[in-house]
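Novice: What follows is a single structure, and I will ask about it in a moment.
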Amino acid sequence: QVYSEYREENNKLELEVLKKRIKEFPYIRYAYLFGGEPFMYKEIEPLMQFLTENHIEIDMTTNGVLLDKYIDRIFDYNINSITVSIDTLNREKYKKIRGVDCFELVLNNIKKLAEKKRSLNMSRCPRLNVNCVVMKDNLCEIEDYYNYFYSEVPELSSVIIEQLTV
């Protein structure tokens with residue numbers, strides 16, 4: 001099983017309700033899709049299509065597990081940025097942090113997304129980013145994390161290192 005299968009599918013927001021609400025605010029120019037996993041939303045592609053048709057730029061954060069199912073079509077939408085959350089480059093630590101063993105899948109999906117962007121010769125958008133939340137389990141590898149993505153995935157626009165404060 002993959003990470004996303006462990007979560008209840010987010011089908012509570014009806015697409016027509018979302019469209020209606022968005023149309024009520026004609027000056028909206030940006031939408032940020034995040035929380036849980038945007039690709040679990042059963043209407044994600046019709047939503048992205050609607051946003052694109054209405055000239056609304058999309059920023060999204062994903063855990064990357066389902067990304068490979070959308071890579072061939074994702075560049076058809078008005079996506080400004082895609083951020084993939086991956087908190088470690090160590091498979092065992094990933095499994096401990098995320099609770100499932102999807103490390104290789106997510107890392108390969110990041111690379112596939114970058115390769116697709118390169119093959120389409122898309123220099124600017126969408127911006128590709130990775131995000132790491134610093135915690136005791138990964139603190140010692142932050143420099144290696146940055147260096148890995150800097151050298152292995154040059155299509156990335158940023159490597160985000162996020163420290164939570166309590």
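Novice: Can you pull out the trypsin sites (Lys or Arg not before Pro) in the range 69-165 whose DSSP state is coil and whose Cβ has at most 13 other Cβ atoms within 10 Å?
Specialist: ARG124, LYS136
Novice: Now for a different question. Mind checking the dipole of the range 63-151: about its Cα centre, +1 per Lys or Arg Cβ, -1 per Asp or Glu Cβ, Debye to the nearest 20?
Specialist: 280
Novice: At 222 nm, what value in deg cm²/dmol follows for the chain if DSSP H runs of at least 4 each add -39500 (n - 2.57) and the sum is divided by all its residues, to the nearest 500?
Specialist: Roughly -10500 deg cm²/dmol at 222 nm, from the helical runs in the chain.
Novice: OK, next. What is the sum of charges, Lys and Arg at +1 and Asp and Glu at -1, for the other residues whose Cβ falls under 10 Å from the Cβ of GLU45?
Specialist: Here the count lands on 0.
Novice: Can I ask one more? In the range 65-79, whose amide N lies under 13 Å from the spot 7 Å out along Cα-to-Cβ of LYS112? List them in ranges.
Specialist: Zone members listed by number: 65-74.
Novice: State which entries of LYS69/LYS93; LYS20/LYS117; LYS19/LYS93; LYS42/LYS117 exceed 29 angstrom in Cα-Cα distance in the structure shown.
Specialist: LYS20/LYS117; LYS19/LYS93
Novice: Relative contact order, percent, of the chain when contacts are C-alpha pairs under 8 Å separated by at least 6 residues?
Specialist: That works out to 20 percent.
Novice: What does the charge dipole of the chain about its Cα centre add up to, to the nearest 20 debye, if the Cβ of each Lys and Arg holds +1 and the Cβ of each Asp and Glu holds -1?
Specialist: So the magnitude is around 260 debye.
Novice: Mind sorting out which of (i) 129; (ii) 107; (iii) 158 is the real volume of the Cα convex hull per residue in Å³ computed from the coordinates?
Specialist: Derived directly from the coordinates: (i).
Novice: Carbon and sulfur atoms: what percent of the 1.4 Å accessible area of the range 105-150 do they account for?
Specialist: C and S atoms contribute 52 percent here.
Novice: Same structure again: Between ILE161, ILE82, LEU107, whose Cα lies farthest towards the positive end of the dipole of the chain when Lys and Arg beta carbons carry +1 and Asp and Glu beta carbons carry -1, centred on the Cα centre?
Specialist: ILE82
The values are calculated or read from the model by the stated rules, or taken from the named source; none is laboratory data. This structure is a prediction, so every number in the text was calculated from the model and none was measured. Neighbour counts run over all protein chains shown; Cβ positions are idealised from the backbone, glycine included. Heavy atoms of the whole protein, side chains included, go into the accessibility calculation; ligands, DNA and RNA do not. Shrake-Rupley method; radii C 1.70, N 1.55, O 1.52, S 1.80 Å.
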